[in-house]
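Below is one structure, written out as structure tokens; comments come after it.
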Amino acid sequence: MRRVSIFGATGSIGQNTIDLIARDPQSYDVVALTGGRNVAQLARDAIRLNADVAVTCFDDELPSLRDALAGSGVEAAAGEAAMHDAATRPADWVMSAIVGAAGLAPGLRALEQGATLALANKESLVTAGPLLMQTARDHGGRVLPVDSEHSAIFQGLVGEDINAVERIIITASGGAFRDWPMDDLAKATVEQASTHPNWNMGQRITIDSASMFNKALEVIETKEFFGVLPNQIEVVVHPESMIHALVGFHDGALMAHVGAPDMRHAIGYALHWPDRKPLPVERLDLTKIGQFTFRAPDPDRYPALPLAWRVMEEGGLSGAIFNAAKERALDLFIDRQIGFLDMARVVERTMDAISPRQGLQNDIPDLDTIRDADKEARRVASQMIEQLG
Ligand code: NDP
Ligand code: MG
């Protein structure tokens, strides 16, 4: 039996992970499930999967979690220390699917135990790529990609030499507004931005898809995970979301990963790796699909995307600053305090205002330094609201 834990179990990725595990309960010993406000779901799944412990990150949710788990034998816990404790409980495979920079610390703790970390939380690699990979190396842990593009690249590299790679192309659906007139973008609402044409995901990543902040994060994630150079990474808009990424080799060959837009593919690949096991995902009928289309991303429509190359060039704490400013700008948009296009302006100005080397002592920033930069970037991003004309 493999011991598994799921951080962010109540979210979109967490639920898809549970779907796969619940189909084969004899194979898994579920250690910890974590969630946030959705305590009822957390308790239901913890009981169904017979988890050792269920943890909500919010202290004030503990009474409801306790009530929901009463008599089940599943331990209830809440708050930061409990999240830390859950992450240090020995597990062979851990799904990192908390949304945002909050996912970093539990992932690091799991790697310190030598676990295999299935990484959906791309923010971990953007804010702390070198620290995360170093922690895995130091403790015999391993990071496997779950983001669909990165799973696709990873699969395209099986049996290949990374030195034979010339370029990596990641695809983008183009999000909710890919065909909108440019003049309407400034007035786009939260509801409109929260509807994805192809994927069913959490609200924050769905809005990030419309702005392409998500793709910017994924470009940085590609560099951190595969160690390629910024100028080897390309983004192409592919509205059908069937090709997830392509790896281009020195001989001119492009290896594409094709599949239905269903995250259970990438999650299942990481769960069974290095094996391939049958997965309950749609089998594509290419004759019905008929054609795949591609276009270049328009930087006027997606001003967030070029910022990824700035982050990669600056290095240091730039990823932590970029991600935190983005998270704050997204909060402000969801709270209806700024417009859709203001998000990229807030992030760019925050990057202008804070040095990516501020407080940096070492080549690989530690967790405290990253957290300080994150806090500072959120503070500065909040102030930028006054400067928006
Ligand atoms: P969701 O918003 O659906 O779920 C987020 C999860 O994190 C929930 O379990 C939520 O709890 C929990 N959570 C929220 N805030 C905190 C916090 N401060 N501390 C601890 N836990 C918290 O997100 P997704 O599943 O869509 O995304 C999860 C991660 O996976 C993100 O990093 C995203 O970028 C990445 N990803 C997602 C994809 C997708 O298809 N959804 C595809 C590729 C990557 P609760 O809901 O109970 O409050
Ligand atoms: Mg993705």
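Rg and Dmax of the range 133-249, Cα atoms, in Å?
16.0, 52
In Å, what is the Rg of the alpha-carbon atoms in the chain, and how long is Dmax?
Rg, Dmax (Cα atoms, Å): 20.3, 62.
Specify which residue in the list Phe249, Leu279, Gly316 is farthest towards the positive end of the charge dipole of the range 231-336, using unit charges on the beta carbon of Lys, Arg (+1) and Asp, Glu (-1), about the Cα centre.
Farthest towards the positive end: Leu279.
In debye, nearest 20, what is the charge dipole magnitude of the range 192-244 about its Cα centre with +1 on Lys and Arg Cβ and -1 on Asp and Glu Cβ, if you could check? It would help to have the intermediate numbers written out before the result.
Numbers: 3 positive and 6 negative charges, 22 e Å.
Computed about the Cα centre, the dipole is about 100 debye.
If R0 is 30 Å, what FRET efficiency do you get for Arg48 and Asn198 from their C-beta distance, rounded to 0.05? Intermediate results must be reported in sequence, preceding the final value.
On the way: r = 29 Å, r/R0 = 0.97.
E between Arg48 and Asn198, to the nearest 0.05, is 0.55.
Calculated FRET efficiency, Glu386 and Glu166, Cβ-Cβ r, R0 51 Å, to nearest 0.05?
On the way: r = 46 Å, r/R0 = 0.90.
Calculated transfer efficiency: 0.65.
Report, for the chain, the % of DSSP beta bridges that are antiparallel, rounded to 5.
Numbers: 11 of 40 bridges.
Of all bridge pairs located within the chain, approximately 30 percent are antiparallel.
If you take the alpha carbon radius of gyration of the range 287-389 and divide it by 2.2 N^0.38 Å, what ratio comes out, to two decimals? Provide the component values of the computation, followed by the final result.
On the way: Rg = 16.3 Å, N = 103, 2.2 N^0.38 = 12.8 Å.
So the range 287-389 has a normalised radius of gyration of 1.27.
Among the listed pairs Lys215/Lys288; Lys215/Lys277; Lys215/Lys375; Lys223/Lys375, which have their C-alpha atoms separated by more than 26 angstrom in this model? Walk me through the numbers on the way to the answer.
Numbers: Lys215/Lys288 28 Å; Lys215/Lys277 29 Å; Lys215/Lys375 23 Å; Lys223/Lys375 24 Å.
In this structure, Lys215/Lys288; Lys215/Lys277 lie more than 26 Å apart at Cα.
Rounded to a whole number, what is D in µm²/s for the range 2-153 from Stokes-Einstein with the Kirkwood radius over alpha-carbon pairs (10 °C, 1.306 mPa s)? Mind showing how you got there, number by number?
Details: Rh = 15.1 Å.
Translational diffusion coefficient: 105 µm²/s.
Quick one: if you stick a label point 7 Å off each Cα along the C-beta vector at Asp59 and Asp366, how many nm between them?
2.5
With springs only between Cα atoms under 10 Å apart, run a GNM on the chain and tell me which of Ala353, Ala51, Ala82 wobbles the most.
The residue that fluctuates most here is Ala353.
Based on alpha-carbon atoms only, what is the radius of gyration of the range 160-222 relative to the globular estimate 2.2 N^0.38 Å? Each step should come with its number before you reach the end.
Values: Rg = 14.5 Å, N = 63, 2.2 N^0.38 = 10.6 Å.
Normalised by 2.2 N^0.38 Å, the Cα Rg of the range 160-222 equals 1.36.
Using a Gaussian network for the chain with springs between C-alpha atoms less than 10 Å apart, which of these wobbles most: Val55, Val236, Val99?
Among Val55, Val236, Val99, the largest mean-square fluctuation in the Gaussian network model of the chain belongs to Val236.
Can you give the charge dipole size of the chain about its Cα centre, rounded to the nearest 20 debye, using +1 on the beta carbon of Lys and Arg and -1 on the beta carbon of Asp and Glu?
Working: 36 positive and 53 negative charges, 98 e Å.
That gives the chain a dipole magnitude of about 460 debye.
Apply the Kirkwood formula to the range 188-286: the hydrodynamic radius equals the inverse of the mean of 1/r over all pairs of different alpha-carbon atoms; give it in Å with one decimal. Show your work: numbers first, answer last.
Values: mean 1/r = 0.0641 Å⁻¹.
After inverting the mean inverse Cα-Cα distance, the result is 15.6 Å.
If we count every other residue with Cβ under 12 angstrom of Val31's Cβ, Lys/Arg +1 and Asp/Glu -1, where does the sum land?
After counting each charged neighbour, the total is -2.
For the range 131-184, with equal point scatterers placed on the C-alpha atoms only and solvent neglected, what are the log10 I(q)/I(0) values from the Debye formula at q = 0.13, 0.20, 0.23 1/Å, to two decimals?
Taken in order of the listed q values, log10 I(q)/I(0) reads -0.56, -0.90, -1.01.
Which whole-number value in Å³ per residue fits the convex hull of the alpha carbons of the range 233-288? Numbers along the way, then the final one.
On the way: hull volume 7.3 nm³, N = 56.
Convex hull of Cα atoms, per residue: 130 Å³.
Using DSSP to call loops (not H, G, I, E or B), can you name the trypsin sites (Lys or Arg not before Pro) in the range 205-279 whose Cβ has at most 14 other Cβ atoms within 10 angstrom? Mind showing how you got there, number by number?
Working: sites: Lys215, Lys223, Arg264, Arg276; in loops: Arg276.
For trypsin sites (Lys or Arg not before Pro) across the range 205-279 that sit outside H, G, I, E and B with at most 14 neighbouring Cβ atoms in 10 Å, the list reads Arg276.
Which of Thr195, Val31, Ile289 sits farthest toward the positive end of the charge dipole of the chain, with +1 on the Cβ of Lys and Arg and -1 on the Cβ of Asp and Glu?
Among Thr195, Val31, Ile289, the one farthest towards the positive end of the dipole of the chain is Ile289.
Considering the chain as a Gaussian network with a 10 Å cut-off on Cα pairs, which listed residue, Gln291, Gln26, Gln358, attains the greatest mean-square fluctuation?
Gln291
Could you work out how much longer the chain between Asp331 and Ala353 gets when fully extended? Use 0.36 nm per residue separation minus the Cα distance between them, nm to one decimal.
Working: separation 22, 0.36 × 22 = 7.92 nm, distance 1.96 nm.
Extra length available between Asp331 and Ala353 comes to 6.0 nm.
Just rank Thr350, Thr195, fewest to most, by other beta-carbon atoms within 10 angstrom.
Going from least to most buried by this count: Thr195, Thr350.
Any read-out appearing in this document is the output of simple, stated calculations on the displayed coordinates, not a laboratory observation. Every value quoted in this text rests on a predicted model; they were computed, and no experiment measured them. FYI the Cβ positions are ideal-geometry reconstructions off the backbone, even for glycines, and counts take in every protein chain you see.
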